[in-house]
Structure formats: C-alpha cells, structure tokens
Amino acid sequence: MSTTRGNSRLSYRSEGKGPLVIMLHGLLMDGQCWVDNGFVSAFSPFFRVVCPDLIGHGDSDRVDRQDFYTRENQVLTIVKLMDELGYDKAHVMGYSAGAWLAMGLLDSYPERLTSVVLGGWDCLNGIPETPFGKLSFAMFMDYARETAPELTQSLSPADERSAEYFFNELSKQFKDDGKLLARSTPKLFWAGANDPYYTSMSELAQQHAIRFVAGKGDHLGEVNHPDRETATHILNFVKARCLSGING
C-alpha cells in the first residue's frame, strides 16, 4: 500500500507495468474489491493497475466536513495521484460511486483520460427513485445492512459519517453529465442484468452508440463476482485503445 502526499491523501494498491489503469470502487467499499474480484490479476500483465481507496474509505483521509467530499475535490485527488505516478493519461474504470467520480474526470479533465469504463451507475439521473421518493442515506444503509452486512458490520461512527457526506454528494444532480457522453473519449458501459441501473444504462448506451457489456449479477454481485466473460470484454476494450495507438 502506498499513499499520495499532501492534503486529501489517498491510499492505493499498485500492480503491474505499462499504461495506467485506475479502478475506482463504490460506496462502503475500498480498492481491495478490484483485487478480490479478479480484475487486478486480469489487467496487471498488460497494465499498471492502481486501485485507490476513495476519500472517506479504507486507509485514505476522512474529514468531518461536507465540502471535503465534493466531486470537484475528489476529482483533484485522482489527478494528483496520476501526477505523482508520473502519468499524463490513464484508462479509468469506475463502478457505482466510482463511475460518478469517473464522470467528474470526464467533465473536468477529459484530456487526461485514454478511455473510461462506467459501471453500475445512471449517468443522467444518479441516485435512484424509490416508491417513497429519492433514495435517502438512511434507506441506503438499511438496505446495505440487510443485503451486504460484510460492508457495514465493521463501520465506525466516523466511517458512517464519511459515507453520509459522500452519499450527499452522490445525490446532487449534475445536469450536464448527459452531455459528457457525447465527448470523444472512448467509453464503455457495464451493468449486471439484475441491477436497477441496467435498463437506463442500456438505453443510454444505445442512444449514444456506446459499447455496453451486460453481466449476469445484481448491483453488488456484479462487481464482487463478475463472470469471466464480462472481465474479458472489459479488458479487451481497454487493450484495444492501446493497440489502436491511443496510449496512456
């Protein structure tokens, strides 16, 4: 494990050599999820794979202040990570909250992206609606405790406050995000067939002629236990960006 310097420090795992691939995890997770699901072992023979713990998660900095978790600040932590690693460009893969952050990079620093993979996230509407209105943090945590206790059972009060700050930023509407899908940066969408985001992601992919990889899982299962075919499709997409001369 290594850590970036200065303020808003990120802890990260790094494996392999070559063009840079940064993998961004979802809420309540950390960079280890990409090791556990096999993506690091699949990508590291061809790329330098870096999996940070996003701020407020894992061993990265957490601050008891809402503005620390804005997408703008989080984008800067990833750009600083790239700078410290000595890379001008990176392939960025984000899942759920990680895809939200990848959209921020596409907005503010498209010139730093070789390609972007967006998984498990509605790029237009963000946090989903429920029969009781927009999903709240309390509703999210109740659902997480019931369906993924491994993500919640070791949370400290400080961890939960950080997660709530992060969730509050996820809940904000970024009205221009839909326009970002028209940018020339190569893009791939990925969602499990049982993910609530599947339909919206599939429709957006069709509308914008974006390649779409359909897995078999639900929202959490798809990133924790992706099937081999899904991982291969995503790997081949990223490799093709290098083979075509679009190198990071």
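Residues that are crowded, with 23+ Cβ neighbours inside 10 Å, at pLDDT below 95 and part of a loop (DSSP other than H, G, I, E, B) do not occur anywhere in region 88-96. Of all residues in region 1-11, those that are modelled with pLDDT of 95 or more and outside any loop (DSSP other than H, G, I, E, B) total 1. For SER200, indicate whether it is of a type in the set (Ser, Thr, Tyr), within 18 Å of the chain's Cα centre (by Cα) and surrounded by fewer than 17 Cβ atoms within 10 Å (Cβ to Cβ). Taking the combined requirement at face value, the residue does not satisfy it. Looking at LYS80, LYS89, just one residue is among the charged types (D, E, K, R), under 24 Å from ALA205 (Cβ atoms) and touching a Ser or Thr at 6+ places or on another chain (Cβ under 7 Å), and that residue is LYS89. Scanning region 110-121 turns up one or more residues that are in contact with a helix residue (DSSP H, G or I) (Cβ under 8 Å, 6 or more places away or on another chain), surrounded by 17 or more Cβ atoms within 10 Å (Cβ to Cβ) and assigned to a loop (DSSP other than H, G, I, E, B). From the list LEU85, LEU106, the lone residue that is aliphatic (A, V, I, L, M) and surrounded by 17 or more Cβ atoms within 10 Å (Cβ to Cβ) is LEU106. One residue alone among LYS179, LYS239, LYS216, LYS187 is at pLDDT below 90 and either surrounded by 18 or more Cβ atoms within 10 Å (Cβ to Cβ) or within 22 Å of MET93 (Cα to Cα) (or both), and that residue is LYS179. The residue pairs whose first member lies in region 148-170 and is basic (Lys, Arg), whose second member is surrounded by 11 or more Cβ atoms within 10 Å (Cβ to Cβ), and whose beta carbons are closer than 9 Å, counting only pairs six or more residues apart or on different chains, are ARG161/GLY56; ARG161/ARG62. Of LEU180, LEU170, all but one fail to be in contact with a helix residue (DSSP H, G or I) (Cβ under 9 Å, 6 or more places away or on another chain) and under 23 Å from ASP59 (Cβ atoms); the exception is LEU170. Looking at region 49-57, can you tell me whether even one residue there is assigned to a helix (DSSP H, G or I), modelled with pLDDT of 95 or more and either among the hydrophobic types (A, V, I, L, M, F, W, C) or under 12 Å from the mean Cα position of the chain (by Cα) (or both)? Within region 49-57, none of the residues are assigned to a helix (DSSP H, G or I), modelled with pLDDT of 95 or more and either among the hydrophobic types (A, V, I, L, M, F, W, C) or under 12 Å from the mean Cα position of the chain (by Cα) (or both). Residues in region 124-147 that are in a loop (DSSP other than H, G, I, E, B) and either closer than 21 Å to VAL223 by Cβ or in contact (Cβ under 8 Å) with a residue 24 or more places away in the chain (or both): LEU124, ASN125, GLY126, ILE127, PRO128, LEU135.
Being among the polar types (S, T, N, Q), surrounded by fewer than 23 Cβ atoms within 10 Å (Cβ to Cβ), part of a loop (DSSP other than H, G, I, E, B) and touching a Ser or Thr at 6+ places or on another chain (Cβ under 8 Å): is that true of ASN73 here? No; evaluated as a whole, the condition is false for this residue.
Conditions (1) of a type in the set (A, V, I, L, M, F, W, C); (2) closer than 19 Å to GLU160 by Cβ; (3) part of a helix (DSSP H, G or I), marked per residue:
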{"residue": "ARG13", "(1), (2), (3)": "no, no, no"}
{"residue": "GLY18", "(1), (2), (3)": "no, no, no"}
{"residue": "MET23", "(1), (2), (3)": "yes, no, no"}
{"residue": "GLY26", "(1), (2), (3)": "no, yes, no"}
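The values are calculated or read from the model by the stated rules, or taken from the named source; none is laboratory data. All values derive from a computational prediction rather than experimental measurement. When we count neighbours, we look across all protein chains shown, and the Cβ atoms used for this are built from the backbone with ideal geometry, even at glycine.
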